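Asker: Pasting in a structure now, in structure tokens, and then I'll have a few things to ask.
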Amino acid sequence: MGVLDPESQTLASAQLRRTLVVLLLASSLLGEAQSEILARCELAMQLQEGGLGGFKGYSLADWICLAYQESKFDTMLISTNSDGSTDYGLFQINSHVWCSDHLSHSQNRCKVSCIEILNNIVAHILCAKKIVSEHSGLKYWSSWTEHCEGRDLSHWVAGCDL
């Protein structure tokens, strides 16, 4: 195969960019279609079974409030940050520090892939426990501080058969 002239290279580059944009859009649409939004009490049950109720002094209602503030209970939520990192799942666990997405440099302090965080509630809970244990508790998440800390959160678990 010969070397392309500059005009052909520009055309090929533009076609490649269009193809990438189409693939990215298709990927994001598929991601939305695969989202799983848990019911409040279903999530409460799973978090309770995972040992979060009372963990490090935080009530189950604290965790439910946090999950709502971070992801609206969407287990498959993926959010891109301005620093190039990505947040994953219910608690929006960050790829630069806590999990590896193989797209960016990561400390991977939870020793787990970010995809595993999305697909496995146990892996998600274990990583959240590590975050709370290594930092200033749920204050690690500014959304918990702003919307949950110091408030009556009983409505988050009201009516749940735990």
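Bear in mind these aren't lab numbers, they're just calculated from the coordinates by the rules spelled out. Small disclaimer: the values here were computed from a predicted structure and weren't measured. Here Cβ is always computed from backbone atoms with ideal geometry, including for glycine, and neighbour counts include all displayed protein chains.
Asker: Where the second residue is surrounded by 15 or more Cβ atoms within 10 Å (Cβ to Cβ) and part of a strand (DSSP E or B) and the first is free of Cβ contacts under 8 Å to residues at least 12 places away in the same chain and of a type in the set (Ser, Thr, Tyr) and lies in the stretch 105-119, which pairs have Cβ atoms under 7 Å and are six or more apart or on separate chains?
Answerer: Close Cβ pairs satisfying both conditions: SER106/SER100.
Asker: Given the conditions (1) of a type outside the set (Lys, Arg); (2) closer than 16 Å to GLU36 by Cα; (3) assigned to a helix (DSSP H, G or I), and given that PHE91 satisfies all but one, which numbered condition is not satisfied?
Answerer: Only one criterion in (1) of a type outside the set (Lys, Arg); (2) closer than 16 Å to GLU36 by Cα; (3) assigned to a helix (DSSP H, G or I) is unmet by PHE91, namely (3).
Asker: Can you tell me how many residues within the stretch 109-162 are among the β-branched types (Val, Ile, Thr) and not in a helix (DSSP H, G or I)?
Answerer: 2
Asker: State all residues of the stretch 127-136 that are in contact (Cβ under 8 Å) with a residue 12 or more places away in the chain and surrounded by fewer than 18 Cβ atoms within 10 Å (Cβ to Cβ); if no residue qualifies, say none.
Answerer: LYS129, LYS130, SER133, GLU134
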